[in-house]
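Input: a single structure, listed below in structure tokens.
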Amino acid sequence: VSFFDACEKNDIKAIIGTEFYVCDDLRVKSGKTKLNHLVLLCKNETGYKNISLLNAIAFRDGYYYKPRIDLNLLLSLTPTDTIITTACVAGRMFKDGWEEKFLIPVKNHFNGNFFLEVQAHLTKAQAIINKKIIELSKKYNIEIIAGTDSHYIYSEDAWKRDYLQKSSGIFMEEESGWFKDYPDGQTLFNRFKRQGVL
């Protein structure tokens, strides 16, 4: 609420959303679980209520190491009220059988509210995924959007997040080469040029 109020006060359009953990079946709570990311954004108040409900279900019914949702729960949403993006390299896409099991059902359900997300990180993994996303966009006629995976606004504030993670015993080696700031459009464009894929 404080985020929304601050945006409204400063004439910024707030877009509320959540990056969910997605699993194959939220009822399964044993063994090693594969968790992938998926971003859901509200288009309106109904979308907000639906995402809030999914969040509650993820914590109440789907919790196993992390709060989780699955495809069945995702497809229970009204398709016109929510925007779905494939998130970062930890996204639900690109897993075994994901195209038939996940991408096609989600695309068919959400239609023009489903997007393939590319990011400008200077890593081999991100470049490979971006190339695959271009192929999928052409194959299934799904639009591409650029995401930033921002964890702070300005690059000079990186030390604050690094300090917080270090003090919590967290180290994410796979983030080496990632941009975690919130760049302006030209900076993001330049990063994509440096990446050399898009």
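The table below lists the values:
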read-out	value
Mean-position separation - Cα centroids, segment 98-118 and segment 66-88, in angstrom	10 Å
Square roots of five times the Cα gyration tensor eigenvalues for segment 59-151, Å	22, 17, 13
Heavy-atom surface of the chain, accessible at 1.4 Å and reported per residue (Å²)	61 Å²
Residue 148 - accessible surface, heavy atoms, 1.4 Å probe, Å² rounded to 10	40 Å²
Filter on 32/107; 138/160; 66/166; 49/193 - keep pairs with C-alpha separation over 30 Å	138/160; 49/193
Exposure ranking of 35, 40 by accessible area [1.4 Å probe, largest first]	35, 40
Ratio of the Cα radius of gyration of segment 99-149 to 2.2 N^0.38 Å, where N counts its residues	1.15
Tensor-based shape of segment 10-102 (alpha-carbon gyration tensor, a/c under 1.5 rounded, otherwise prolate or oblate)	prolate
Long-range HN-HN contacts of residue 68 with modeled amide H, under 5 Å	62, 63
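The values are calculated or read from the model by the stated rules, or taken from the named source; none is laboratory data. Every value quoted in this text rests on a predicted model; they were computed, and no experiment measured them. Ligands, DNA and RNA are stripped out before the accessible areas are found, and what is left, the full protein with its side chains, is counted by its heavy atoms. Shrake-Rupley method; radii C 1.70, N 1.55, O 1.52, S 1.80 Å.
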